[in-house]
Amino acid sequence: MTWLEAHRLANLAAAQAHGDLGIDRAAPPVDVYRAIGDAGVVLMWRPMPRQFGAYIAEPGSRPGILINNGLPFAAQRQTAAHELGHHRLRHGTRLDADLDAPAARRGLWTPEEKAAEAFGAWFLMPRKAVMAGLAVLGLDRPRAPEDVYRLSLLLGTPYLATVRHLPNLRLASQPVVAAWARTSPAAIKAALDPATKPESRRADVWLIGTGFAGVNLTVRPGDRLVIPSAGHSEPVHDCPSWLRLLPAASRSARRSRPETGPAPAVLEVPATAIGMTGRVAVANLADTGREQPLEFSVKVEGRPNGIARRWIS
Amino acid sequence: MTAGGDSAAGEESEWGDLGRRLREAREYLNLSQQFVADKTGIPRSAVSDIERGVRKVDSLELRKLARLYMHPVGFFLGEQEPSPEVRALARAVTDLTDQDRAEVLRFAQFLRYSAEAERRKPRR
């Protein structure tokens, strides 16, 4: 099976799954964990040294999906969508060890693996969800790796998987995507917030823009929200007390290049905030001309572990 | 009552083993003792004492815990052998690290136990 054939099959299968499982494709991120439960599949997260995930479907038993909770959060979601693909495509028990393989090795995958991988991409990144994410960023298509990174945060997908999916949506050409695939998320994050030395390589950097009004962001401990100043010394009007506003002085001292005007405000999500939700109001974002404060909400998620709670009665 | 130190010690270690299996099942599913207490009505301190083998668990409590943890009662009593299907899967799964393999097989066994528990639920 070629990747083209896999994508044709998977696109249809993912659309059917969205319909059967009540997914609103226009409201990313797609809730793949709830969808797995709605599909009647038991979901479990466990630490594993090497495996990404497994789909267990043994006769006389019940179906289950096991996910390595040591993976980065977006990779856990991608793995979950991949395993859901095995279920929806009726593949039987599958143990997936190397979902992060380079392109050359992926080309050697079995038809079932290609189909499940393509399903995962279409399940998490249907056109409607991607266009909704781009709309938040004020874009009709990504123009640079930074756009793809910011889009991947809104979709809850790994940067590389998002890059790879763009040609399927006719949002970027293969040569452009090949170049973007060589850009590391670490470099993008450092450019988005050059003033902060990150404590964790996995933490994400959310650059807030006008399109974020009314959006709900799912963030994790260590993540940072960068709010451009638009010439104001304090662009953050209101935010939950558990969000940590990083000190301006230390930020300015670490700026890699001299800039005019106040530095952006940076809010950091502490590890103690897992489970918290709150509203952030910011004022007069750069390049907008907006006078009203812009509000969005955040929800802090931690590392999942054990059985998905819906199975406990 | 039992006579002789040996059988008393043997019985103690059986309560310890039962408690250990209960604790391991709870931790596998990532449920806190308080959550288990809230769901079963067994006080949290009692759940803790049962897991440590210093308090006996009665059959109704054991049934509640087994139902919550989706394992058969016999599993906690040490009477359950791995299912032949899981043993067959174990033979087929050889190219994983030991820990990965253990996790996959444990999950496969749990799914089987959970399916059996579903089938045994009283129909209303």
* **Which of A:R244, B:R55 is most accessible, then next, and so on - probe 1.4 Å** => A:R244, B:R55
* To do: Give me the compactness ratio for chain A, meaning the Cα radius of gyration over 2.2 N^0.38 Å.
  => 1.03
* Which residues of region A:40-56 show a drop of at least 40 Å² in accessible area when all protein chains are present, compared with their chain alone (probe radius 1.4 Å, heavy atoms only, ligands and nucleic acids excluded)? -> A:M44, A:R46, A:P49, A:Q51, A:I56
* Structure fact -> Along region A:233-239, Karplus-curve 3J(HN,Hα) (6.51, -1.76, 1.60; θ = phi - 60°) to the nearest Hz, with x for Gly and Pro, reads 6, 10, x, 8, 7, 8, 7
* Asked: If the viscosity is 1.306 mPa s and the temperature 10 °C, what Stokes-Einstein diffusion coefficient in µm²/s follows for chain B when Rh is the Kirkwood radius over Cα pairs?
  -> 99 µm²/s
* Structure fact -> Per the helix-only model, chain A has a calculated mean residue ellipticity at 222 nm (DSSP H runs of ≥4, -39500 (n - 2.57) each, divided over all residues, rounded to the nearest 500) of -10000 deg cm²/dmol
* Structure fact -> Relative to chain A, whose Cα atoms define the longest principal axis, helix A:3-20 and its Cα axis are tilted in degrees, nearest 10, by 80 degrees
* To do: Using per-residue counts of other Cβ atoms within 10 Å, averaged over each peptide, order A:173-183, A:64-74, A:9-19, A:268-278 from highest down.
  => A:64-74, A:9-19, A:268-278, A:173-183
* If you place +1 on the Cβ of every Lys and Arg and -1 on the Cβ of every Asp and Glu, how big does the dipole about the Cα centre of region A:1-85 come out, in debye to the nearest 20? -> 220 debye
* May I ask you to give the solvent-accessible area per residue for the protein assembly as shown, in square angstrom, as obtained with a 1.4 angstrom probe? => 49 Å²
* Structure fact -> Interface B-A: total buried accessible area (1.4 Å probe, Å², nearest 100) of 2400 Å²
* **Largest-first principal axis extents of the Cα set of region B:9-66 (Å)** => 32, 21, 18
* To do: Pop out the Kirkwood hydrodynamic radius of region A:126-222 from its pairwise C-alpha distances, inverse of mean 1/r, in Å to one decimal.
  => 13.8 Å
* Residue mean of other protein chain beta carbons inside 10 Å, B:87-100 -> 3
* Asked: Considering the alpha-carbon set of region A:6-134 alone, what are its Rg and its Dmax in angstrom?
  -> 13.7, 45
* Could you bin all the Cα-Cα distances of region A:61-113 into 5 Å bins starting at 0 and give me the percent of pairs in each, rounded to whole numbers? => 4, 17, 29, 25, 19, 5, 1, 0
* Structure fact -> Taking every residue of B:28-34, the Cβ atoms of other protein chains inside 10 Å of its Cβ average out to 4
* To do: Calculate how many DSSP beta bridges within the protein assembly as shown are antiparallel, expressed in % of all such bridges and rounded to the nearest 5.
  => 65 percent
* About its Cα centre, what dipole magnitude does region B:1-89 give when the only charges are +1 on Lys and Arg Cβ and -1 on Asp and Glu Cβ, stated in debye to the nearest 20? -> 420 debye
* How large, in Å, is region A:56-190 by the Kirkwood hydrodynamic radius built from its alpha-carbon pairs? -> 15.7 Å
* For region A:137-153, in order, what is each residue's ³J(HN,Hα) by Karplus, 6.51 cos²θ - 1.76 cosθ + 1.60 with θ = phi - 60°, in whole Hz (x at glycine and Pro)? -> 7, x, 10, 9, 7, x, 10, 7, x, 4, 5, 5, 4, 4, 5, 4, 5
* Asked: For A:A104 and A:R8, what is the calculated FRET efficiency with R₀ set at 30 Å and r taken between the beta-carbons, to the nearest 0.05?
  -> 0.85
* To do: Pop out the carbon and sulfur fraction of the accessible area of the protein assembly as shown as a percent, whole number, probe 1.4 Å.
  => 51 percent
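The values are calculated or read from the model by the stated rules, or taken from the named source; none is laboratory data. Please read these numbers as outputs of a predicted model, since none were measured by experiment. As a convention, Cβ positions derive from the backbone with ideal geometry for all residues, glycine included, and neighbour counts pool all protein chains shown. Ligands, DNA and RNA are excluded from the accessible area calculation, which covers all protein heavy atoms including side chains. Shrake-Rupley method; radii C 1.70, N 1.55, O 1.52, S 1.80 Å.
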